[in-house]
Each structure stands twice: as C-alpha cells, then as structure tokens.
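Below is one structure, written out as structure tokens; comments come after it.
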Amino acid sequence: MRAVIVSGGKQYIVNEQDTLDVERIPGEAGTKVTIDEVLLVGEGADVICGTPTVPNAKVEATILEQFRGKKLVVFKMKRRKSYRRKQGHRQELTKIQITKISVGKSAGKKAKSVQEPAKNDKAADGDTKSAEKKSAPKAETSKKKASKS
C-alpha cells in the first residue's frame, strides 16, 4: 500500500518499510511516531483521495536517527560594491522508517472515475426538431449605392 504524507511542509510518497530523511521530528532513536497528515492512500484502483486529508488514515514510523544534513554555503555578493557575505547552513534532519500504513473504517469515498455527461432525452427519442436550436430570421438590409457626383 502507498501513501502520500506531509512532514515538515514537504510531501513524500511512501511505501511500507521505506526509509526517508524528513525535517526534524522531536524524539529519540527507536521512538514510534504517528503521522496523521495523509493526503492519499491506496494501491491500483483502490485509491482514497483526501480533501485535503484522508480521515482516520495514519502512517506509523520509527525514528532511526537524528542527524544534520550536508553543509550548504550561502554566498551573497554585489559586484563593484565590495560587498561579500559567506555563511554556512546545516539542516537538522530525522531518518525514519515507515512501519505501517493504515486506513480507518470511515476513511471517505474512493476516487470516482470520470463519467460521461448525460445525453438529452429528447434527442435520444428521435425528436430532433425540438432538440435543435432554431435561429431567428435575419432582417433584410438595404444597401445604398454610392452615386458619382
């Protein structure tokens, strides 16, 4: 089963037993975490789409480790002004492993397939005159010829 979750303002597509790095989640290594912000759950034709989230859907995960990401260099410069600023940044991240994706009983409606629009009943009966639009008769306009003077 697959799910689309929101963590740290970002969306992730996850399967069971996946490991991923997300924005920092408070907790020690080995702590179990439940993510309630599930946007979509399902597999194949059995997909449940939330508006905006799926009610009673949960993704359970285990925190594997807390770590800091790769160092990024933030360099600002304005040419010909002798202005240069160099700053570093390391994002705090959490490595989690998805253990279980579950959907409650009243999880909402399944995604509907696109239906064709209903046809006009009168046109189906063979009465095409009433189904067609009649155009109004055009008024006659007289054209004046330009006379030579």
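For the reader, a short list of remarks on this structure follows.
- Approximate spin-label separation residue 13-residue 82, in nm, with each point projected 7 Å along Cα-to-Cβ: 5.4 nm
- For the range 1-95, applying the loop criterion from DSSP together with a ceiling of 13 other beta carbons within 10 Å to the GluC sites (Glu not before Pro) yields 28.
- Potential extension, residue 21-residue 37 segment - 0.36 nm per residue separation minus Cα distance: 4.1 nm
The numbers here are math on the coordinates, done by the rules we state, and not lab data. The structure presented is a predicted model; accordingly, all values stated were derived computationally and were not measured. Here Cβ is always computed from backbone atoms with ideal geometry, including for glycine, and neighbour counts include all displayed protein chains.
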